[in-house]
Number of protein chains: 4
Amino acid sequence: MRPRGAYKKSEASRRQVLEAAVTALAEHGFAQTSVNDIAVAAGMSKGAVHYHFESKEDLIAQVLEQCAAMMTERARAAWNTEGEPREKLRAAIREMWTMRRQGGPELRVLADLMAQALHDPKLKKPMANMFRVLRGEVVEYFSQVLDELGLQSKVPPHLLPRLIVAALDGLALHEFFDPLTDADEEQVIAALETITFSLFDIEE
Amino acid sequence: MRPRGAYKKSEASRRQVLEAAVTALAEHGFAQTSVNDIAVAAGMSKGAVHYHFESKEDLIAQVLEQCAAMMTERARAAWNTEGEPREKLRAAIREMWTMRRQGGPELRVLADLMAQALHDPKLKKPMANMFRVLRGEVVEYFSQVLDELGLQSKVPPHLLPRLIVAALDGLALHEFFDPLTDADEEQVIAALETITFSLFDIEE
Amino acid sequence: MRPRGAYKKSEASRRQVLEAAVTALAEHGFAQTSVNDIAVAAGMSKGAVHYHFESKEDLIAQVLEQCAAMMTERARAAWNTEGEPREKLRAAIREMWTMRRQGGPELRVLADLMAQALHDPKLKKPMANMFRVLRGEVVEYFSQVLDELGLQSKVPPHLLPRLIVAALDGLALHEFFDPLTDADEEQVIAALETITFSLFDIEE
Amino acid sequence: MRPRGAYKKSEASRRQVLEAAVTALAEHGFAQTSVNDIAVAAGMSKGAVHYHFESKEDLIAQVLEQCAAMMTERARAAWNTEGEPREKLRAAIREMWTMRRQGGPELRVLADLMAQALHDPKLKKPMANMFRVLRGEVVEYFSQVLDELGLQSKVPPHLLPRLIVAALDGLALHEFFDPLTDADEEQVIAALETITFSLFDIEE
DNA sequence: TATGAATGAGCCTTCATTCAT
DNA sequence: AATGAATGAAGGCTCATTCAT
């Protein structure tokens, strides 16, 4: 049993380290970020970081979890808006695109750790989970709308989210390396909406 | 006068190193692959690797180039087949999906280096170029078909490839972390074909 | 609140490294002394040396500074004695010769780094400074005596130190490679005194 | 027995390597000059250098010998001029100063290798020998003049050269790190002449 | 709870040297 | 007589980790 007061202070520091880690990883990438970099960014000593986290591996894993949480939370918010179905869908897609386009440091970290996860099984699981949750939101919404409207998808409904979310992810990837003009970007997203609607048989 | 082929041994060794690098990078990732690992995989000494490549950076850059070349070459082959438009399109999409699904070590290396490229400008350029070429193939094919058939796309034609290639890339990403069942996979690809045709106004 | 002297251990280690470096450099020379050699001589790990000094270059520069400081301090002491001018001059010359003849490891290090300074601009400045300070002591003393006695030098007074100190340095150089017998050495130094006096117009 | 023709070509290459070594060593110093640097400067491969010289050590030793030879030869020339004693002495001192001031690459190499010789016994011997020969020239001349004129030195004659040559060497050392103005330089040399004459009891 | 000090393994790179050709 | 290829031992340096305080 640890006294509560002591715990609280520690908890604050812990979070400080996590935040610093996100910042540092976003800026320089996993391969170029040392524990010391993170400690400095957090305004602490290396020793302190190791006091809060068993190892770098542990820290990274928790960073991933935090970033994934932030991502899924934001995705959830995108769908949990009120409104007329068509509009709601459109808004959600736009928001999910915005997340990917302007995504703060967390997104960069996720992208970076994705590569790590290719080889590090410990990271793969939470990564996979994040993807699942991300699509999960969409799934829920879709089944709800389908039920509501008695519509039928051209594609098995549980695969719709994969198509949409994957397309968004792929577009974000290309966007990073080869950005579209603003006008083109607008048209691509519009097209994505159209496609979604058509898959979904919603009359526009 | 140097005997013909005096450089052959060197060239062979160079390629051996490159291949070993691809293997090693694919297996353990950039951050966990040392020059020594590569040397051992190539059956040489560390010194020999540095004899053929100025630095690790240089080696990595050349690995990237090679992987990108292999990728684009394969993509080119996917589109440069003969046949009736509809069938050709379908076949090309399938081949591009296969590339991503079963993609050998080169694909893993590319994925890994993509994360590096997020922070390393030297890698970003060739990466971006690969993406451009990859879409380029599709663009050419599409304009050709559109001309041929007098069809009009619902989306500006130069953006079609981005949608399709990006969707494939995104699907591959999700597939890696959360594989579909074979049946589902088949349906997703089928859906992708349908979408493509519909964007394209080809009656199925 | 950091307990008093928390840095003491570090400072002590730092000095230990510097001392070890002087010893090692004196024995094997710059080109043949690795950071590891120094670490071992200091009873530490290579890492510890790099903990205290940013780089080998940094360490060497500080070694130079320390040796130069020790040298100039000793030279200062040689002139800052009390006594009758003639005797004081004689004593100072003898002491400066002794410094050069029996000069401990610091002198060897300085000699070694002099060669480095030929090519490394970073070392040249402190080296030049040491020479200047070394002559500076003599200059001060000479002007003082000249004023005191109303004498006039046959050579512009500010050049006297250069002649004397340079002669001492040159003699030390030759002495190292080709030592004189004790008797000859005594006579050479005596001659140097004589010359100095004669330049100075002090009747002996 | 090696055929003569073959030998000649080899001899030329050997000299080429030695020259290149002098150039390279003069520019970057012993510690920073690799066998490869020398090979490149000589327009050959590393292997070729090792064909002509057993080891780097061997090469360096021969470089030293060559530089020392060039130095002593030039010194000899300085004294072997004709003329009236006083003028001859003056001219020789000036020439020896010029050697030290403007000394080409060989001088820099000697300075550099002097530091090496502090720790490497194999270099010490030839170095010591060079110094001896350098002073030897002066000794010979002095005894000759003394005999000729029936003069007596204030200092044992065999020590005169040491004083003069050492002074010149010391002055050159200081000059390198802290150059005099042209006017001051002139006065210092003039002073050195005066001192020499006075030691020598030649009326000016 | 946090720090400064220290470690030791490992990294990228350089280099003298060897050797088949 | 000379080269290109390769080696292996160091070398300087970084870094995750440990620990006394």
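Brief remarks on what is shown
- Exercise: per-residue mean of other protein chain Cβ atoms within 10 Å, A:62-72: 0
- Helical contribution to [θ] at 222 nm, DSSP H n ≥ 4, -39,500 (n - 2.57), averaged over the protein assembly as shown, rounded to 500: -26000 deg cm²/dmol
- Distance from region B:8-56 to region A:41-65 (C-alpha centre basis), Å: 33
- Separation of the B:Ser10 and C:Thr98 label points, Cα + 7 Å toward Cβ, nm: 6.3
- Our coupling estimate for region B:62-78, obtained by passing each phi through the Karplus curve with A = 6.51, B = -1.76, C = 1.60 and θ = phi - 60°, is 6, 4, 4, 4, 5, 5, 4, 4, 4, 5, 5, 4, 5, 4, 4, 4, 4 Hz, Gly and Pro reported as x.
- What the Cα convex hull of region D:18-111 gives, in volume per residue, is 90 Å³.
- Once both labels are positioned 7 Å from their Cα atoms along Cα-to-Cβ, the gap between A:Asp147 and C:Ala69 label points is 8.0 nm.
- Residues of region B:58-83 with amide N under 18 Å of a point placed 7 Å along Cα→Cβ from B:Lys125: B:58-69
- Averaged over C:160-169, number of beta-carbon atoms from partner chains that fall within 10 Å: 6
- The phi torsions of region D:136-144, fed into the Karplus equation with coefficients 6.51, -1.76 and 1.60 and a -60° offset, translate into couplings of x, 4, 5, 4, 4, 4, 5, 4, 4 Hz, rounded to whole numbers, with Gly and Pro shown as x.
- Here r is the Cβ-Cβ distance between D:Val40 and B:Glu140 and R0 is 41 Å; the resulting FRET efficiency, rounded to 0.05, is 0.30.
- When the pairs B:Lys124/C:Lys122; C:Lys9/C:Lys46; C:Lys88/C:Lys154 are compared against a 28 Å limit on Cα-Cα distance, B:Lys124/C:Lys122 fall above it.
- Peptide C:112-122 has a mean shielding of 6, counted as Cβ atoms of other protein chains within 10 Å of each residue's Cβ.
- Cα long-axis angle, helix C:160-177 against chain C (0 to 90 degrees, to the nearest 10): 60
- Student exercise, region D:13-111 dipole from Lys, Arg, Asp, Glu Cβ charges, in Debye to nearest 20: 300
- Radius ratio Rg over Rh of chain A, counting only Cα atoms, Kirkwood formula for Rh: 1.06
- Rounded Å value of the spacing that divides the Cα centres of region C:109-154 and region C:80-108: 14
- For chain C, the longest principal axis of the alpha carbon atoms and the long axis of helix C:8-28 meet at an angle near 60°.
- Crossing angle, helix B:85-102 versus chain B [Cα axis fit, 0-90 degrees, rounded to tens]: 40
- Rotational relation D to A, axis-closest Cβ in chain D, residue and distance rounded to whole Å: D:Gln32, 15
- Net +/- balance of residues flanking D:Glu185 in space, Cβ distance below 12 Å, scoring K and R +1, D and E -1: -1
- At R0 = 35 Å, FRET efficiency that the Cβ-Cβ distance of C:Ala77 and D:Gln32 yields, to 0.05: 0.45
- Take A:Asn36, push a point 7 Å out from Cα through the beta-carbon direction, and compare it with the same point in every other copy: 2.0, 2.1, 2.8 nm, smallest first.
- Using only alpha-carbon positions in the protein assembly as shown, the gyration tensor eigenvalues give semi-axes of 80, 34, 21 Å once each is multiplied by 5 and square-rooted (largest first).
Bear in mind that the values in this text are calculations on the coordinates, not laboratory data. This one's a predicted model, so the numbers in the text were calculated from it and none came from an experiment. So basically every Cβ, Gly included, is an ideal-geometry build from the backbone, and we count neighbours across all protein chains shown.
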